[in-house]
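Scroll down for the structure; my scribbles are underneath it.
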Amino acid sequence: MKFELSQEFLDQLTDEIGVKNNAAISEKIGQLHPADIADVMENLSVDQAKYIYELLDEELAAESLMELDEEIREQLLKLFSPEEIAEQADNLDSDDAADLLGELPEDEIDEVIAQMEDREHASEVTELLNYDEDTAGGLMQSEFMCANWNWPVDKAVVELRKQAENVEKVYTIYIVDDEQHLKGILSLKSLLFASPETPVREIYKERDLHIAKTHDSSQEVVSLMEKYDLVSLPVVDRQNKLVGRITIDDVVDVIREEAEKDFQMASGISENVETSAGVLKHTRSRLPWLIIGLGGGIASSQIIKGYEGQIEINPSLAFFIPLIASTAGNVGVQSSAIIVQGLASKDFQFNGIFKQVGKESMIGLLVGFICSVIIFGVSYFLDADINLGITIGVSLFLVVIVAAILGAFIPLFLNRIKIDPALATGPFITTANDIIGLTIYFIVAYIVYL
């Protein structure tokens, strides 16, 4: 049954924490999913969250800890001793344990690892900490099931049963040689239907094997798993030795984090921040692009000031300045959003980039023509001034075309110089098109009223 967090539930839980009614608290919390427990803890004070946390069994506590918002988890970990953190790490998969320890100060990580009881698990976690968190090595976990291709089926079954004790979710059985080189995958159906003495090398599948290298970026991993609809992906080192696997839940986390980052950048937030972050961090993340937008506004005002003569000739020109600026910005954002989406999904090959820019240009021509005809009719109807109608109609036509082309080129340029193209869909493109749009508008007005 789906759990719905309510204020009434939180109030009752707070009261029970106050009187230390552990039995009632355990009854309310103990049967919930770790993600639901994390939601509850995030809506309590850190001390109250720690009180609840200590009432959970070890495995549920560890899983709930990893479901917490990162900043809340950091606050909670400050209340734990190295021994308590080590206990939680022992109950987590190696990738989650590495993520947990990666959030600790450097001098505390070694102390926590030294306190871990499962030395083999501690060694695996230590190895994972050597990889950058944005690589396949940083995403993978060391728990997986594999069989040697020289084993007969009956031995493989026995060995896989032993391995299954440490693997929470079994998606694929990997096949390796004596040097741990990845050779292929084995389906459960093939294993069940094979005779006990059959060598594994005769029933495993080599084709359709997709792998990631430890140094591959997280974006490459996401693209690979999305393209081939994979639920798990084996990871090999530079010698093609199997060292881990990446599961779909870890990839979903990466996709969500990237989407949040891109959305924030498109909104003019220069760094990834959580909603629970402090005022100063939020201010620091928003201020750079606001200052850039402020500079764009100053530039726009100077453009208007430079063409005061045209406005004096026909003051009605001033009424349409917001229309020109907003249309330019909107068209540019639409075009850049399409290009950014294509770059993110790798839909563009080298020969497809110019095709897409040409397509956006044609769209700009068509949209610009329709909008200019409409605005010409509206302005002429309102003012009965043919010159004003021509000025606005021609300006809008040119502005839309230029904005569409810029919206396509800017993200491609940013991507080429290794800057996240998501920047192009935010204040950057809007500010640039405002300035260019107003310049075009007043140049056309100057020519028409010359």
Does the stretch 193-205 include one or more residues that are in contact (Cβ under 8 Å) with a residue 12 or more places away in the chain, closer than 20 Å to L224 by Cα and surrounded by fewer than 15 Cβ atoms within 10 Å (Cβ to Cβ)? yes
Single residue of L10, L5, L92 found to be surrounded by fewer than 17 Cβ atoms within 10 Å (Cβ to Cβ) and part of a loop (DSSP other than H, G, I, E, B): L5
Checked the stretch 6-39 for anything farther than 13 Å from L56 by Cα, aliphatic (A, V, I, L, M) and in contact (Cβ under 8 Å) with a residue 24 or more places away in the chain; matches are L10, L13, I17, A35
Give me a count of the residues in the stretch 368-409 that are under 22 Å from Q341 (Cα atoms) and surrounded by 20 or more Cβ atoms within 10 Å (Cβ to Cβ). 8
Regarding the stretch 410-420, can at least one residue be identified that is surrounded by 15 or more Cβ atoms within 10 Å (Cβ to Cβ), more than 36 Å from the chain's Cα centre (by Cα) and in a helix (DSSP H, G or I)? no
Total residues in the stretch 113-138, condition in contact (Cβ under 8 Å) with a residue 60 or more places away in the chain and among the β-branched types (V, I, T): 1
Of all residues making up the stretch 104-133, the number that are surrounded by 15 or more Cβ atoms within 10 Å (Cβ to Cβ) and closer than 30 Å to E220 by Cβ: 12
Residue count, the stretch 160-176 (criterion: outside any loop (DSSP other than H, G, I, E, B), exposed (fewer than 15 other Cβ atoms within 10 Å of the Cβ) and in contact (Cβ under 8 Å) with a residue 12 or more places away in the chain): 1
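Since every read-out is calculated from the coordinates, none of them should be taken as a lab result. Model, not experiment: these values are computed from the prediction. So basically every Cβ, Gly included, is an ideal-geometry build from the backbone, and we count neighbours across all protein chains shown.
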